[in-house]
1. Among the residues of segment C:109-130, is there at least one that is more than 7 Å from chain A (Cβ to nearest Cβ) and touching a residue at least 40 places away in the same chain (Cβ under 8 Å)?
2. Restricting attention to segment B:86-108, does a residue exist that is of a type in the set (A, V, I, L, M), exposed (fewer than 15 other Cβ atoms within 10 Å of the Cβ) and within 17 Å of B:I26 (Cβ to Cβ)?
3. Return only the number of the condition from (1) more than 7 Å from chain C (Cβ to nearest Cβ); (2) touching a residue at least 24 places away in the same chain (Cβ under 8 Å); (3) of a type in the set (F, W, Y) that A:F45 does not satisfy.
4. Under 20 Å from B:T308 (Cα atoms), crowded, with 16+ Cβ neighbours inside 10 Å, under 20 Å from the mean Cα position of the chain (by Cα) and modelled with pLDDT of 90 or more: is that true of B:L183 in this structure?
5. Name the single residue that is surrounded by the fewest Cβ atoms within 10 Å (Cβ to Cβ) among those in segment A:75-92 being touching a residue at least 40 places away in the same chain (Cβ under 8 Å) and more than 23 Å from C:G157 (Cβ to Cβ).
6. Can you name the residue in segment C:13-52 that is touching a residue at least 12 places away in the same chain (Cβ under 8 Å) and over 22 Å from the mean Cα position of the chain (by Cα) and, of all such residues, is surrounded by the most Cβ atoms within 10 Å (Cβ to Cβ)?
7. Restricting the first residue to segment B:206-233 and requiring it to be over 21 Å from B:A305 (Cβ atoms), which pairs with a second residue that is buried (at least 20 other Cβ atoms within 10 Å of the Cβ) and among the charged types (D, E, K, R) meet a Cβ separation below 7 Å and a spacing of at least six or different chains?
8. Return the residues of segment B:238-267 that are free of Cβ contacts under 8 Å to residues at least 60 places away in the same chain, of a type outside the set (S, T, Y) and assigned to a loop (DSSP other than H, G, I, E, B); say none if nothing qualifies.
Amino acid sequence: MAPFYKTGYFSEPTSFVIAFLIGIGFGFWLERAGFGNARVLAAQFYFKKMTVLQVMFTAIITAMIGLLIFSLFGWIDLDLVYINPTFIWPQIIGGVILGTGMVVSGFCPGTSIVSCATGRIDAYFYLGGALFGMFLFGEIYPLIEGFHKTGAMGRMTLDNWMNISLGMAGFIVILLAIGMFWGGEWLVKKFGEKETAQ
Amino acid sequence: MNEIEITSGRMNPHIDPHLTIWGWEIPVYLFIGGLVAGLLFFSALFYIRGNKDKYPTAVKIVPIFTFPLLSLGMFVLFLDLSHKFYVFRFYTAFRIESPMSWGSWTLLVIIPLALAWSLTWVNELWPNFKWPVNWISELIEKLKNYQKQMAWGLLILAIVLGMYTGILLSAFNARPFWNTSILGPLFLISGMSSGAALILLISKSEEEKKLFSRIDMVLIGIELFLIIHLFMGFLASTQVHIDAAMLFLGGEYTTVFWIFVVGLGLILPLFIEIMEAKGLHVSAKLPALLVLIGGLILRFVVVDAGQTSRWLYKFLE
Amino acid sequence: MEQKKYWNPYLAGIGLGITLLLAFVLVGRGLGSSGAMIRVVSWITSTFSQSHVDANPYFVKYAGSGVNTFQNWLVFEVIGVAVGGFISGLLSGRLKFKTEHGPNITSKIRWIYAFAGGILMGFGARLAYGCASGQALTGGATLALGSWAFMFSLFGGGYLVAYFVRRQWL
């Protein structure tokens, strides 16, 4: 019964080896999609390329459909799967800050590691900045600790929040993704070919 | 034997968690020994085959490193001794049943031989270098006449040194993880692989780099084969050996061994070298560096795991 | 050395999704990267001053005395990410020491932007309990509410600010 680590099939050190292997897959696909190059990521925000949206949402719905189907067949116990706890306000503000950082730097922590591994010097600067930014966060944490924990909703998923069934929530997400893909393609057609002059 | 008394008296995390007596000095020494064995092996081999001008780095430049490296290794070993003032007693007798005795005498022979070997190449590499005292240059001239004999001697002694680093451990059958005859060949091949990697790292000739890249690929392949059979052997042995193997298959050494030694130290360099042979351009220095670091970590892991494995009281409860 | 084209983003996305699914099935958790970075930061800080780390309520979780900082799933996953990115770059000829930047600015200015953006992201990532891989990808797939909110805020923030830094890219 999956998840195999949580049901005791293997030990923690082995799970670390698996972490390494899965990480290889993660890095591999990120680079394949082109995220080793910061310009690809930034192009998202100028409607030149929709790579970020396409890759992200395709990955999300692939994994989500997988989880739902496996759960339907009883192959996986979803209660044992770690779901990020919701702290709604820090996550919204953090998301805005992250989005700003993403368009300024052209990276996200995951893609920056891939970019570093392929030798891009701007990625090294980004990494230094990110580590420093995290250090700053830790240093001023005593001041913002209260805010960091507001809006705590625990293990809240979309289906619980909107009071619909899991399958329905999945279906809505798929529709959303398809809508975004279609919209994205339209935007790229409209803006992508245009040259630099805005 | 009163091992039980020792166990109960000292077996607590504050004194001897698992009776470790070998710290970092021995793995470092084993690594240097293997590396030097590999370097001397290739130097002597390609000299005997008459390729000394085709592969100048391997035959002429690399031996210069061997003497300092060996001295460093002996110093590190010296640091490990508990009774340092009695170190000379290693050389007052030869005990045929002791691997340490074999090792000290072999090293005693190899060190001057390696020094002499490297000195004969100094004049070729730096023709303008003049020795401060005349009799040194005369001595070196005389030594040059014996290069062929030295090469054969070094070839055989290098293999002995490489194997010895593994046999030193496998002589301790009381440690189940070392109770295997594969450690000798494994450390020899690992040492030769490290030697080939060092040559790759400092070589400047494309031809030489290609050759040693190929040699390294074969050596890594053999090393992987030996590692697999190491574990197969353990898993087919007594319960104690199975427990020793399980240290690496779910136990505390799993992560370090499979990710850093096998993954980053063997499989990834092999992959990069294969891609390089197929034409994709990537610096040869990267796989070489990975192999060297992987070899060092291998020694650390084997020495440490060996001391953790035991015949009695499998788990430290 | 000729560079191969990037893969079709949908296919790469499927590959990524399958990797993510595999993580869920095998280990019961998703991916991430900022979690490993905060550990590196905490560890470096602790080598300078362990007492400072112990006094700080955030760092102490990661590198307080007695906490084994690097014994964590994400640390090894991140090492794998570097290796995987390297392998893919190697196979497609994209290994090069260079700086990617738009045609209208220099490398050095790009570095400053990258560093500044990095600071923002480091801060924001810890505020939001994760970055794009941890929150958006993983949380998105598990339909966590906070993660979806995070994702929309991310894109919103990005698009809002994009106009102001367009000189860097276009």
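1. yes
2. Scanning segment B:86-108 turns up at least one residue that is of a type in the set (A, V, I, L, M), exposed (fewer than 15 other Cβ atoms within 10 Å of the Cβ) and within 17 Å of B:I26 (Cβ to Cβ).
3. (1)
4. The answer is yes for B:L183.
5. Result: A:W75.
6. So the residue we want is C:S46.
7. B:S213/B:E273; B:S213/B:E276; B:D216/B:E273; B:M217/B:E273
8. Correct list: B:F248, B:L249, B:G250, B:G251, B:E252.
The values are calculated or read from the model by the stated rules, or taken from the named source; none is laboratory data. Since we're looking at a predicted model, the values are computed, not measured. In this analysis, Cβ positions are derived from the backbone assuming ideal geometry, glycine residues included, and neighbour counts consider all displayed protein chains.
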